[in-house]
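Report on the structure given below.
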Amino acid sequence: MSQKCEKLHEILKEGKKFYARSLDDANVKNELNHSGLYIFYEEGETGHGGDRIVRVGRAIKTDTIYKRNKQHFFGTKRRSIFRKQIGRAILCNDSERLDNWNTKGKPDGEIEKKVSRHLAEKCHFIAIAIEDIEKVNELEKKMTATVVQCNEYKPSKGWLGYNSPQNKIRKYGLWQEQSLNGEELSEDDLAEIEKHLIKA
């Protein structure tokens, strides 16, 4: 078991939970009006005595954590690879619609609604506000690698991601395919995360 992964989860338990409905609140918009990291959790997914991370994302430059997650919850596959990955899993038994979903072809409104419903009903995120773009990029890679390299960190049997056609998603239990191998978080990194975590 990765002690860094376990410690990361202990720190993140203090994070304020944000949901699709939270993003209608003007105070939340101000709270998330930063560059930084956001970490998604999914109902039924547990790890290290709490919620299991299912995605690590970043918001940098002209994006903010608020804007990026509006795109995830309410946007389309064209602006959110996260939405595209969930849609692929939903379409696992419909190869024709999956082929269309994988291209820039005609939007599939029915599947977009299903993706939005899954995110709204099953998912929430926490946020780490950091304006240093280089640090955001570094922590995103290290956090993802730390989770992936923990051999006790597995999805539940019913996790939707097991329906994904993407091998790395099924193998590693995250809704992403990048930064899966690399350097783990250091003690200094964990301290930085704890310092900038938006807490409840």
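If I ask for residues that are charged (D, E, K, R) and either crowded, with 21+ Cβ neighbours inside 10 Å or modelled with pLDDT under 95 (or both), which ones from the range 35-50 would you list?
Glu42, Glu45
Could you say whether any residue in the range 124-144 is under 23 Å from Asn93 (Cα atoms), touching a residue at least 12 places away in the same chain (Cβ under 8 Å) and open to solvent by 40 Å² or more (accessible area, probe 1.4 Å)?
Checked the range 124-144: no residue is under 23 Å from Asn93 (Cα atoms), touching a residue at least 12 places away in the same chain (Cβ under 8 Å) and open to solvent by 40 Å² or more (accessible area, probe 1.4 Å).
Name the one entry in Ile53, Ile60 that is out of contact with any Cys (no Cβ under 8 Å at 6 or more places or on another chain), crowded, with 23+ Cβ neighbours inside 10 Å, of a type outside the set (D, E, K, R) and in contact (Cβ under 8 Å) with a residue 40 or more places away in the chain.
Checking each option against the conditions leaves just Ile53.
Within the range 159-169, is even one residue aliphatic (A, V, I, L, M) and closer than 22 Å to Lys70 by Cα?
yes
Which of the residues that make up the range 83-115 are within 14 Å of Leu160 (Cβ to Cβ) and touching a Leu at 6+ places or on another chain (Cβ under 8 Å)?
Arg83, Ile86, Arg88, Ala89, Ile90, Leu91, Cys92, Ile111
Could you please find all residues in the range 23-34 being touching a residue at least 40 places away in the same chain (Cβ under 8 Å) and open to solvent by 10 Å² or more (accessible area, probe 1.4 Å)?
Correct list: Glu31, His34.
Please tell me if Thr103 is open to solvent by 50 Å² or more (accessible area, probe 1.4 Å) and touching a Pro at 6+ places or on another chain (Cβ under 7 Å).
No.
How many residues are open to solvent by 60 Å² or more (accessible area, probe 1.4 Å) and either closer than 28 Å to Leu98 by Cα or among the small types (Gly, Ala, Ser) (or both) if we restrict to the range 145-164?
Residues flagged as open to solvent by 60 Å² or more (accessible area, probe 1.4 Å) and either closer than 28 Å to Leu98 by Cα or among the small types (Gly, Ala, Ser) (or both) within the range 145-164 amount to 5.
If you take the residues of the range 7-22 that are of a type in the set (Lys, Arg) and touching a residue at least 60 places away in the same chain (Cβ under 8 Å), which of them is nearest to Glu194 (Cα to Cα)?
By that ranking, first place goes to Lys7.
The values are calculated or read from the model by the stated rules, or taken from the named source; none is laboratory data. Computed from a prediction, not measured in an experiment: that's the story for all the values here. FYI the Cβ positions are ideal-geometry reconstructions off the backbone, even for glycines, and counts take in every protein chain you see. In case anyone asks, the SASA skips ligands and DNA or RNA and just uses the protein heavy atoms, side chains included. Shrake-Rupley method; radii C 1.70, N 1.55, O 1.52, S 1.80 Å.
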